[in-house]
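**Q** I have a structure I would like to understand better, so I am pasting it below and will then ask my questions one at a time.
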Amino acid sequence: MLNFDTKAEKVTGVGPKYRDLLEKLEIKNVRDFLYHFPFRYDDYSEIKNIKDIQEGETVTLRGTLGPVENIFTKFGKKLTKAVLADHSGKVDLVWFNQHFLKKVLLPGQIYSVSGRVTLFNNKPSILNPEIEAYTAKSLNTGRLVPVYPETYGISSKWLRSKIHNLLTSISETEDFLPEKILKKYNFPDINLSMNSIHFPESREQLERARSRFAFEELFIQLLKVEKKKFEWNKSGRGTAINKAQEAQEEFIESLPFTLTDSQKKAVEEILDDMSRDVPMNRLLEGDVGTGKTVVAVIAAYITKHNKLKTLYMVPTELLAHQHYETFKALLDPFNVNISLLTGSVKNHKDNNWDILIGTHALLYNNEEYSDTGLVIIDEQHRFGVKQRGKLLDVGKNKKVPHLLTMTATPIPRTLALTLYGDLSISVLDTHPNLQRKIHTKVVSDKDRDKAYEWILDKNEPAFIVCPLIESSESETMTNVKAAEDEYEKLKHGVFKDVDVGLVHGRMKSNEKKQMLENFKNGKIKILIATPVIEVGIDVPEASIMVIESAERYGLATLHQLRGRVGRGDKPGYCFIFMSDDSKSAYKRLKNLENIDSGLKLAELDLELRGEGDIFSTLQHGFKRFKIADLSDFELLSKVKSEAENLFPELDKYPKLKEAIMDVQETHIRNN
């Protein structure tokens with residue numbers, strides 16, 4: 001008897017060939033098969049009389065099949081034709097390139113047929129219809145027909161057949177959702193739900209099953225969040241760090257600017273966490289330019305005041321050098337030893353530092369970081385879970401350092417509950433320069449030259465950002481702008497009398513650093529770049545941003561990119577160019593003209609494009625939901641409450657505990 005853990009290749013009709021194809025759909029066992037849910041349903045449930053059909057309708061008919069005929073047209077096409085008749089009339093059925101049907105279909109038998117009515121040879125016909133011998137339990141016609149995510153060689157029809165066979169042959173599964181939850185929300189049990197989501201008898205039955213699986217997905221994810229919180233709290237003892245109030249106030253007074261209210265609040269939350277002997281696990285979130293770095297500097301300074309060290313990891317060498325200079329400028333008067341460690345720079349000596357700033361090289365340094373009290377990870381979504389874990393496993397004293405992670409990616413509140421539910425979150429929601437405004441305009445291709453002329457007349461430092469380094473031969477990418485091509489075109493074209501530079505991720509670190517230095521000091525007026533500039537590059541003099549092929553980005557990412565300009569005393573300008581003429585993309589991008597809040601834009605992207613954009617830029621290692629809607633805050637709040645209440649007694653529910661371990665997650669690829 002089959003069960004959830006039976007390997008896919010053991011399912012009748014699968015074998016090695018289909019096993020490999022199924023793996024592309026992440027189907028490796030019977031559980032994956034049954035949790036491969038339809039993404040839509042064709043409604044073939046209403047049976048029509050042939051005499052009532054209208055051109056353009058999608059219909060289901062039932063009737064007797066006439067003779068089946070294979071035809072070769074004079075243009076070399078292969079057609080298969082048949083006539084379907086019921087008590088009210090007849091209609092032609094036509095298939096292309098399916099001559100095998102003549103051997104399969106049986107004239108004189110009753111068939112169910114579903115498809116779209118089209119004029120063919122000036123007669124109403126159904127082209128390439130779904131057809132199957134009529135039974136009371138048809139799979140492909142006469143019902144709500146499930147349509148599945150497919151891959152080459154595996155069709156929805158094939159999946160329907162296999163899933164239906166599994167549902168009729170698998171042993172009944174014990175439900176892992178607690179009985180009290182099933183009763184409280186009137187959910188069907190897992191066996192009925194599984195049948196109803198794949199082969200619903202009605203819309204109402206389908207919605208009940210979808211509600212159950214949406215709850216289930218979120219419930220399991222949020223129980224995992226509770227588990228992570230529990231494991232973090234028992235992972236080891238931290239070191240309680242004294243807030244050093246006088247030193248803290250003295251340092252803040254020395255700053256050449258005043259902290260915003262949200263910066264003050266974040267500092268207070270962070271130092272409160274660090275004053276406990278349970279290690280801090282806090283995320284600092286804030287738009288580009290809201291001042292996350294200075295909050296990190298204060299936390300590191302107070303750590304030094306407690307005779308402990310700080311490790312500060314960033315994703316790029318450019319950013320490491322930039323933060324090194326910032327930390328030195330602010331902390332040198334306070335006798336804080338700051339060192340730098342990257343793939344090409346190693347200026348730390350004999351552990352004689354208070355703050356060590358570095359890239360991934362921090363992870364692979366041979367020395368042990370003893371007396372580490374604080375680990376700060378900037379743009380934390382750029383690092384894998386294991387990398388971050390390795391950085392925490394430092395020192396000889398087995399004390400777990402406090403952890404502060406930072407991101408400029410705005411996190412919608414629903415994701416804060418699910419992906420980041422195990423973290424405390426501080427948000428910087430005010431900008432130090434309240435007058436700061438970035439004027440944004442979505443520019444049509446016909447106005448491109450006018451925009452270039454405006455940039456020339458303005459004569460201020462400008463970024464031009466392209467999504468690719470070099471042009472792609474892929475058909476879907478032919479119009480997408482590439483940095484190297486634009487560099488050659490623009491420096492010999494409209495900007496031939498202006499100094500133009502190029503920076504991208506494949507360049508050597510010292511080349512990128514030199515190019516940015518030239519841009520900062522005015523030797524280069526226009527810098528063409530890939531989104532490498534998104535990660536923390538600070539050029540206050542830059543006031544103009546051009547973003548090419550902007551439809552390829554989420555709104556929150558575009559917001560981060562435009563945040564790189566207007567950081568000095570001049571207003572910022574951002575021009576949004578598209579590489580296609582999609583009306584929906586244009587409408588989506590127009591939101592940037594009116595909305596300044598990164599959080600609002602992220603919420604809007606979640607609503608318009610689903611969680612894909614958010615997942616691709618946020619934390620690695622979290623699953624995409626198949627049924628649950630992450631914009632449904634009401635459901636999420638309800639499920640979160642249930643997960644928090646049930647987790648302390650999880651041991652009473654072994655099947656649920658097992659499900660938390662078993663549910664396969666769709667991991668987001670690393671950047």
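The values are calculated or read from the model by the stated rules, or taken from the named source; none is laboratory data. Predicted model, so just to flag it, every value in this text is computed and none were measured. Backbone-built Cβ (ideal geometry, glycine too); neighbour counts: all protein chains shown.
**Q** Which of the residues that make up region 307-345 are over 35 Å from the mean Cα position of the chain (by Cα) and either over 21 Å from Glu250 (Cβ atoms) or surrounded by fewer than 19 Cβ atoms within 10 Å (Cβ to Cβ) (or both)? Reasoning before the result, please.
**A** Just the residues of region 307-345 that are over 35 Å from the mean Cα position of the chain (by Cα), to begin with: 307-308, 328-338.
Listed by number, the residues that qualify are Lys307, Lys328, Ala329, Asp332, Pro333, Phe334, Asn335, Asn337.
**Q** Filter region 401-446 down to the residues that are part of a loop (DSSP other than H, G, I, E, B), buried (at least 17 other Cβ atoms within 10 Å of the Cβ) and modelled with pLDDT of 85 or more and list them by number.
**A** Correct list: Pro401 only.
**Q** Of everything in region 145-155 that's surrounded by fewer than 18 Cβ atoms within 10 Å (Cβ to Cβ) and more than 26 Å from the chain's Cα centre (by Cα), which residue is nearest to His198 (Cα to Cα)?
**A** Among those that are surrounded by fewer than 18 Cβ atoms within 10 Å (Cβ to Cβ) and more than 26 Å from the chain's Cα centre (by Cα), it is Ser155.
**Q** I'd like to know if region 91-112 contains one or more residues that are more than 44 Å from the chain's Cα centre (by Cα) and among the small types (Gly, Ala, Ser).
**A** Yes, region 91-112 contains at least one residue that is more than 44 Å from the chain's Cα centre (by Cα) and among the small types (Gly, Ala, Ser).
**Q** Still on this structure, please answer the following. For region 197-211, which residues satisfy the criterion of being in contact (Cβ under 8 Å) with a residue 60 or more places away in the chain and not in a loop (DSSP other than H, G, I, E, B)?
**A** Listed by number, the residues that qualify are Ile197, His198, Leu206, Arg210.
**Q** Looking only at region 583-597, which residues are closer than 18 Å to Val546 by Cα and part of a helix (DSSP H, G or I)?
**A** Scanning region 583-597 gives Ala585, Tyr586, Arg588, Leu589, Asn591, Leu592, Glu593, Asn594.
**Q** Only residues in region 441-461 that are closer than 26 Å to Ile595 by Cβ count as the first member; pair them with residues that are basic (Lys, Arg) and surrounded by fewer than 17 Cβ atoms within 10 Å (Cβ to Cβ), Cβ under 6 angstrom, at least 6 apart or cross-chain, and list the lot.
**A** Listed by first residue and then by second, the contacts come to Val442/Lys590.
**Q** Spot the failing condition for Leu283; the list is (1) under 22 Å from Lys228 (Cα atoms); (2) without any contact (Cβ under 8 Å) to a residue 60 or more places away in the chain, and only one is missed.
**A** Of the numbered conditions (1) under 22 Å from Lys228 (Cα atoms); (2) without any contact (Cβ under 8 Å) to a residue 60 or more places away in the chain, the odd one out for Leu283 is (2).
**Q** Report, by residue number, each residue of region 1-18 that is among the charged types (D, E, K, R) and touching a residue at least 12 places away in the same chain (Cβ under 8 Å).
**A** Across region 1-18, the qualifying residues are Asp5, Lys7.
**Q** Collect the residues in region 370-386 that are touching a Leu at 6+ places or on another chain (Cβ under 6 Å) and modelled with pLDDT under 80, keeping them in residue-number order.
**A** The answer is His381, and nothing else.
**Q** Run Ile576 past the list (1) outside any helix (DSSP H, G or I); (2) under 23 Å from the mean Cα position of the chain (by Cα); (3) surrounded by 21 or more Cβ atoms within 10 Å (Cβ to Cβ); (4) modelled with pLDDT under 90 and report the number of the one that doesn't hold.
**A** Going through (1) outside any helix (DSSP H, G or I); (2) under 23 Å from the mean Cα position of the chain (by Cα); (3) surrounded by 21 or more Cβ atoms within 10 Å (Cβ to Cβ); (4) modelled with pLDDT under 90 one by one, Ile576 breaks only (4).
**Q** What about Thr73, is it β-branched (Val, Ile, Thr) and at pLDDT 90 or above?
**A** Taking the combined requirement at face value, the residue does not satisfy it.
**Q** Based on what the data block shows, is Glu204 closer than 19 Å to Glu26 by Cβ, acidic (Asp, Glu) and surrounded by fewer than 18 Cβ atoms within 10 Å (Cβ to Cβ)?
**A** no
**Q** Evaluate the following for Ala266: is it assigned to a helix (DSSP H, G or I), modelled with pLDDT of 95 or more and closer than 30 Å to Thr372 by Cα?
**A** The answer is yes for Ala266.
Quick grid of which residues meet (1) more than 26 Å from the chain's Cα centre (by Cα); (2) outside any helix (DSSP H, G or I); (3) of a type in the set (A, V, I, L, M):
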| site | (1), (2), (3) |
| --- | --- |
| Phe213 | no, no, no |
| Gln221 | no, no, no |
| Glu226 | no, no, no |
| Trp232 | no, no, no |
| Gly238 | yes, yes, no |
| Ala247 | yes, no, yes |
| Glu253 | yes, no, no |
| Pro256 | yes, yes, no |
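**Q** Test of understanding: among Lys28, Lys51, which residue is farther than 23 Å from Leu101 by Cα, of a type outside the set (Phe, Trp, Tyr) and assigned by TED's automatic domain parsing to the domain that holds Leu127?
**A** Lys51
**Q** Sticking with this one: Scan region 162-184 for residues that are free of Cβ contacts under 8 Å to residues at least 60 places away in the same chain, surrounded by fewer than 15 Cβ atoms within 10 Å (Cβ to Cβ) and not charged (D, E, K, R) and jot them down.
**A** Thr168
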